[in-house]
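Notes to accompany the following structure.
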Amino acid sequence: MRGIENYRKSIKNPILDKQVKGFVNGSYIDSLRSNTYVAKIPVGMGYRPDLVAEYFLHDSNSAWIITCINNFTNGIKDYKEGRKILIPNGD
């Protein structure tokens with residue numbers, strides 16, 4: 001779980017928030033994308049980005065990260081049960 005804690009610290013880093021003024025830039029998403037693993041959206045979590053984020057990142061508010069890393073553009077329609085997705089490793 002060390003990786004998840006590092007990930008959480010980087011997302012909630014107050015210095016980062018000041019640098020980007022509440023918005024996350026593309027280079028930050030690219031840095032997260034470079035350290036990922038492939039997973040499948042579990043049974044019963046289709047069309048529920050909040051549940052997917054809670055399951056993999058232990059934070060339902062981080063669904064936007066999964067959306068950005070995977071270049072999802074169709075909202076919850078992209079979260080089909082069994083679909084392979086990238087999850088940030090956090091290391």
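The one condition from (1) modelled with pLDDT of 95 or more; (2) in a helix (DSSP H, G or I); (3) buried (at least 17 other Cβ atoms within 10 Å of the Cβ) that residue 85 does not meet is (2). Do we find that residue 91 is in a loop (DSSP other than H, G, I, E, B), under 14 Å from the mean Cα position of the chain (by Cα) and either modelled with pLDDT under 75 or surrounded by fewer than 17 Cβ atoms within 10 Å (Cβ to Cβ) (or both) in this structure? So residue 91 passes the test.
Per-residue answers, yes or no, for (1) surrounded by fewer than 16 Cβ atoms within 10 Å (Cβ to Cβ); (2) at pLDDT 60 or above; (3) within 17 Å of residue 68 (Cα to Cα):
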| site | (1), (2), (3) |
| --- | --- |
| 1 | yes, no, no |
| 4 | no, yes, no |
| 22 | yes, no, yes |
| 38 | yes, yes, yes |
| 41 | no, yes, yes |
| 44 | yes, yes, no |
| 53 | no, yes, yes |
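The values are calculated or read from the model by the stated rules, or taken from the named source; none is laboratory data. Computed from a predicted model, the values in this text were never measured in an experiment. Using ideal geometry, Cβ is built from the backbone for each residue, glycine included, and neighbour counts are taken over all protein chains shown.
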